[in-house]
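The values are calculated or read from the model by the stated rules, or taken from the named source; none is laboratory data. In this text, all values refer to a predicted model and were calculated from it rather than measured experimentally. Cβ: placed from backbone, ideal geometry, glycine included. Neighbour counts: every protein chain shown. SASA here: full protein model, heavy atoms, side chains in, ligands and nucleic acids out. Shrake-Rupley method; radii C 1.70, N 1.55, O 1.52, S 1.80 Å.
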Amino acid sequence: APFLAIRKRFACNESRGIEISCIGRGELPVDNFGLWIHTFNGHFIRNLTGTRQANISTIVLSCSNDDEGDYLCQAWTRIKDIRQLNNVSNKVVIQGPPKVTEKYLKKVHGEYELSLQVYSASVPIKAEWYKGTDQIANSSIYTQTVAEVLTHRRMYGKVITAAGYSVKLAIKKTSADIKKTKIFSFRDKFTWTCD
């Protein structure tokens, strides 16, 4: 089987895409490359067709959150009508702001609670809630919590489970006080406006 070389890890963000190349080396030529296989936490996400140039297959990623995961390159050669296959994989890590996957507003024991499920590749996550344009600090009125949880998110149409965070803001105020505040937000990713 052909020997394959690939960079083992890529870290990127949404402002710049990346190219991943799988290079066939050694005495045995590459007869063909198969589809690239994209997985996340062991779950199949999609197949990609690489662009072939000689003994190299290349894919281009935009580095969106959906592109995170493992990419498997496959190549084969034929010797005396026997197909010999080899494969190699790498990992793509997306660096960037957290992504809100679910949001809730509920009243619990007389308190209002704004709750978000957040996916973030980088850990730990720091909660930053705002009232209007002012950052909220923990106090007798506001309590902020962050806890690690399993989140559900979509990657290229497939629902996957990944480690994430529950970010909560508990507010000890009356309904009238909340409506006077008008806007609460979390890192410009989620805004709750009172009616």
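For the stretch 99-171, report the accessible area per residue in Å² (1.4 Å probe, heavy atoms, rounded to an integer). Spell out each step's value before the answer.
Values: 4060 Å² over 73 residues.
About 56 Å² of surface per residue is accessible.
Between S62 and L35, take the C-beta separation as r, use R0 = 22 Å, and let me know the FRET efficiency to the nearest 0.05. Spell out each step's value before the answer.
Numbers: r = 19 Å, r/R0 = 0.85.
Taking R0 as 22 Å, the efficiency between S62 and L35 is 0.75.
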| request: Return the sequence-ordered ³J(HN,Hα) values of the stretch 134-142 in whole Hz as given by the Karplus equation 6.51 cos²θ - 1.76 cosθ + 1.60 applied to θ = phi - 60°, using x for Gly and Pro. | output: 8, 5, 8, 10, 4, 7, 6, 9, 10
| note | Interchain or sequence-distant (5+) residues whose placed amide H lies within less than 5 Å of the amide H of T101 are Q117, V118, Y119
| remark: With every protein chain kept in place and a 1.4 Å probe, the stretch 3-94 has an accessible area per residue in Å² of 57
| note | If the label point sits 7 Å along Cα→Cβ of Q84, residues of the stretch 1-37 with amide N under 14 Å come out as 1-4, 25-32
| message | Taking the alpha-carbon distance from K103 and a cut-off under 13 Å, which aspartates and glutamates remain once sequence neighbours fewer than 8 residues away in the same chain are dropped? | response | E113
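Decide, for the stretch 42-88, between rounded, prolate and oblate: order the square roots of the alpha carbon gyration tensor eigenvalues as a ≥ b ≥ c, take rounded if a/c falls under 1.5, and otherwise choose prolate if a/b is larger than b/c, else oblate.
oblate
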| remark: Output ordering of 60-73, 80-93 (per-residue mean of other Cβ within 10 Å, highest first) is 60-73, 80-93
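Rank-order 98-109, 131-142 by packing density, defined as the average count of other C-beta atoms within 10 Å over each peptide's residues, highest first. All intermediate terms of the calculation are to be shown ahead of the outcome.
Numbers: 98-109: 13.7, 131-142: 11.4.
So the order, starting with the most tightly packed, is 98-109, 131-142.
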| Protein accessible area in the stretch 99-171, 1.4 Å probe - carbon and sulfur % | 52
| note | Which residues qualify? For N13, with a placed amide H closer than 5 Å and at least 5 residues away or on another chain, they are Q95
| request: May I ask which of K106/K172; K107/K168; K99/K168; K106/K131; K99/K172; K131/K168 have a Cα-Cα span longer than 20 Å here? | output: K99/K172
